[in-house]
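Any read-out appearing in this document is the output of simple, stated calculations on the displayed coordinates, not a laboratory observation. Here the structure is a predicted model, which means the values were calculated and not measured. Methodologically, a virtual Cβ is constructed for each residue, glycine included, from the backbone with ideal geometry; neighbour enumeration extends over all protein chains shown.
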Protein chains: 2
Amino acid sequence: MANYIGLDLGGTNIKAGVVDDRGRVRAAESVPTPVDGPSAVIDAMIGLTSVVAESAGIRVDDVACIGVGSPGLLDFERGIIIALPNLPGWADLPLRDHIAQRTGRPVIVENDANAAAFGEFWVGAGRDPSIRHMVMLTLGTGIGTGLIINGRVLHGGFNLGAEGGHVILDPDGPACGCGQRGCLESLASASHLARRAAEVLDAGERSSLQTIHQRGDSITSKDVFEAVEAGDALARRLAEQTATYLAIGCINLCRLLDPQMIVFAGGMALAGDMLFDLVRGAFDRRTWSVAKDRVKIVPARLGNDAGFIGAAAVAWDAHQHGPSG
Amino acid sequence: MANYIGLDLGGTNIKAGVVDDRGRVRAAESVPTPVDGPSAVIDAMIGLTSVVAESAGIRVDDVACIGVGSPGLLDFERGIIIALPNLPGWADLPLRDHIAQRTGRPVIVENDANAAAFGEFWVGAGRDPSIRHMVMLTLGTGIGTGLIINGRVLHGGFNLGAEGGHVILDPDGPACGCGQRGCLESLASASHLARRAAEVLDAGERSSLQTIHQRGDSITSKDVFEAVEAGDALARRLAEQTATYLAIGCINLCRLLDPQMIVFAGGMALAGDMLFDLVRGAFDRRTWSVAKDRVKIVPARLGNDAGFIGAAAVAWDAHQHGPSG
């Protein structure tokens, strides 16, 4: 039984887990992400690797491969972090080689959204072996995506693929932080839903959400879905708009990639059945009539462990099949 | 030196070519497509296979693999034509097994748009071996697409992938024949451009195209691009609208799949520099600022032979690597 270590580099915490080759978590640990530059972060990752191995009762030397899930712009082939927007001081950092040299183990670096998607594919929502084509959308402040095509993560020709949050759905839509207009992310992220709610409440529309809004608290996407659940008409209209754009995003994924499963993760996916029912309804109303859609749209299953399990999954995959293209 | 036969099943003609394993055409032949049902069509394909082999000075027995490019809905794994909209009487036809039994050679059946894309990837616009991710858009009555991901054709989970003409770009846009609204095909196909031109001319707008329109001839996308070339302002406005939607389609392909090259084929691609300049301009104005786009948007190079070369390319690929996923 081979073991893998998954490291999930987040803006707040670094999480690590020892995962076996059937995807079972044998130990998990985390530390706050140091704020004083890359070398402190790498030290913390190396330290955490030893700690989590010890918790699992193994030696780092016995680990088959270490996977690292990282945000930012990456060069997958060379294991380099090109830029990390939320952690200053990171530029063209050969993270793979640093960790490999200090642990003596093979290391693979993967985008965090891709890693989380691959974890769900391996042992989460997509664990059924008949599923070979899967997409995961992470619905949070932005919308992250990971694409699994024929069982492998897609990186694209210039390491810039799988940015499904920036597919344009409305060419005259709102400006997105990426410089485009009308991206899925600018129309359907959790933060966009919350902002839209605040706008219409400011405009004086009647809703149970006014209570929260008027006491000066920020409306969240969770508040909106709770109000939908409670029968609030305005909240329902806003949630339906969001769900419609998500559904169109899903239809477009089906037309191009024809996944067997689309998995929603992230904060907004916790809205549960209410969100999924709205998305599936809008999908059915707007999809083509050429053939019956068989894609399943389902919630993620790995929760807070998705990051390190995904990183370990990528390590497992690289160990079995070599780097993904 | 192995040889392959590519068969291109079209609504008007069946074309066949003998192609060697470096993609060179050794012989090509064609016959009109019989209109009296599948068995006459299969007979014609078998006959043409012998004829083209003889033209190339080889025996069918010596062919490594036969590739068939077919329109319609296919089951790639089993080599079955599920439905063929323009050729009635075809339903659940095991085309692969029929041809394999009668020729004694291995046969692979591929969607015609995928086959043409794979031909361009192999020995056409995308022949540079550093290109591993390529998309082809065929701009005609509709918009067909073929996706090459990491050197293989993408079929998707239910054999329904690579329908890029039916990606939704405007959720409130015109109804498409597929049942959706605002598909790329319904906004930017050659036939849509011609129809839009006729509409605005009917509405009395001034343009050099009125001469053609008023003598009762159908306006074509070629007429529109010739009028742009000659400085016609209305034609330019229409062509720019089409190019803008094509550019947004290309941006969305880049965000998801990050191809190194996007190839335009089909009648409208013959408009040449005028079309490509408009599309590249709109792409640059509307794409993100996160990273510089390096994708090349270029015309197809195989012309009228793309169909059978693509079918042979798929045979070559299956012979080297087994079926694509």
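By the helix-only formula, in which each DSSP H run with n ≥ 4 contributes -39500 (n - 2.57) and the sum is divided by residues, chain A has a 222 nm mean residue ellipticity of -12500 deg cm²/dmol.
Most simply put, the protein assembly as shown has about 60% antiparallel DSSP beta bridges, counting only bridges with both residues inside it.
Projecting 7 Å from Cα along the Cα-to-Cβ direction, the label point of A:Glu54 sits 8.2 nm from its equivalents in the other copies, listed shortest first.
The calculated FRET efficiency for A:Ala40 paired with B:Glu229, based on their beta-carbon distance and R0 = 51 Å, is about 0.25. Ranked from shortest, the separations from the 7 Å Cα-to-Cβ label point of A:Ala40 to its equivalents in the other copies are 8.1 nm. The loop-placed trypsin sites (Lys or Arg not before Pro) in segment B:251-312, going by DSSP, that have at most 13 neighbouring Cβ atoms within 10 Å of their Cβ come out as B:Lys292, B:Arg294.
Restricting the trypsin sites (Lys or Arg not before Pro) of segment B:55-132 to loop positions (DSSP other than H, G, I, E, B) with no more than 15 neighbouring Cβ atoms within 10 Å leaves B:Arg59, B:Arg78, B:Arg127. Assuming a ≥ b ≥ c are the square roots of the Cα gyration tensor eigenvalues, decide whether the protein assembly as shown counts as rounded (a/c under 1.5), prolate (otherwise, with a/b larger than b/c) or oblate. The shape class here is oblate.
For chain A, a Kirkwood hydrodynamic radius built from all Cα pairs, placed in the Stokes-Einstein relation at 25 °C and 0.890 mPa s, yields a translational diffusion coefficient of 120 µm²/s. Roughly how far apart, in whole Å, are the Cα centres of segment B:61-110 and segment A:234-280? When both Cα centres are located, 37 Å separates them. Counting neighbouring beta carbons within 10 Å and listing from fewest to most, the residues B:Ile309, B:Ile42, A:Ile14 come out as B:Ile42, A:Ile14, B:Ile309. Is the C-alpha gyration tensor of segment A:39-154 telling us rounded, prolate or oblate? Criteria: a/c under 1.5 is rounded; beyond that, a/b larger than b/c is prolate, otherwise oblate. It comes out oblate by the Cα gyration axes. Of the GluC sites (Glu not before Pro) in segment A:41-136, the ones in a loop by DSSP (not H, G, I, E or B) with at most 13 other beta carbons within 10 Å are A:Glu77.
Contact order for chain A, expressed relative to its length and based on alpha carbon pairs under 8 Å spaced 6+ residues apart, stands at 21 percent. Over chain B, with a Gaussian network built from C-alpha contacts below 10 Å, which listed residue (B:Gly173, B:Gly156, B:Gly204) shows the highest mean-square fluctuation? Taking springs between Cα atoms under 10 Å, the residue moving most is B:Gly204. Here the dipole of segment A:130-300 is about 540 debye; that uses its Cα centre as origin and unit charges on the Cβ of Lys and Arg (positive) and Asp and Glu (negative).
Between the C-alpha center of segment A:137-190 and that of segment B:162-196 there is a gap of 21 Å. Rg over Rh for segment B:131-300 works out to 0.99, both radii taken from alpha-carbon positions and Rh defined as the Kirkwood radius. In the assembly of identical copies, A:Asp277 has its label point, taken 7 Å from Cα in the direction of the beta carbon, separated from the corresponding points by 5.6 nm (ascending, one decimal). Rounded to the nearest 5, what % of the DSSP beta bridges within chain A are antiparallel ones? Roughly 60 percent of the DSSP beta bridges within chain A come out antiparallel.
Fewest-first ordering of A:Met134, B:Met1, B:Met136, A:Met261 by other beta carbons within 10 Å of each residue's beta carbon gives B:Met1, A:Met261, A:Met134, B:Met136. Ranking A:Met261, A:Gly144, A:Leu187 by how far each Cα lies toward the positive end of the dipole of segment A:130-300 (charges on Cβ) leaves A:Met261 at the top.
By the count of other C-beta atoms within 10 Å, a proxy for reagent exposure, B:Leu74, A:Leu278 are ordered fewest to most as A:Leu278, B:Leu74.
Among B:Thr211, A:Ile219, A:Val107, whose Cα projects farthest towards the positive end of the dipole of the protein assembly as shown, with charges put on the beta-carbon of Lys, Arg (+1) and Asp, Glu (-1)? Farthest towards the positive end: A:Val107.
Per residue of segment A:219-226, what does 6.51 cos²θ - 1.76 cosθ + 1.60 with θ = phi - 60° give for ³J(HN,Hα)? Whole Hz please, x for Gly and Pro, Karplus curve as stated. Once rounded to whole Hz, the list reads 6, 10, 4, 4, 4, 4, 5, 5. Computed about its Cα centre, the charge dipole of chain B is approximately 680 debye, with only Lys, Arg, Asp and Glu carrying charge at their Cβ.
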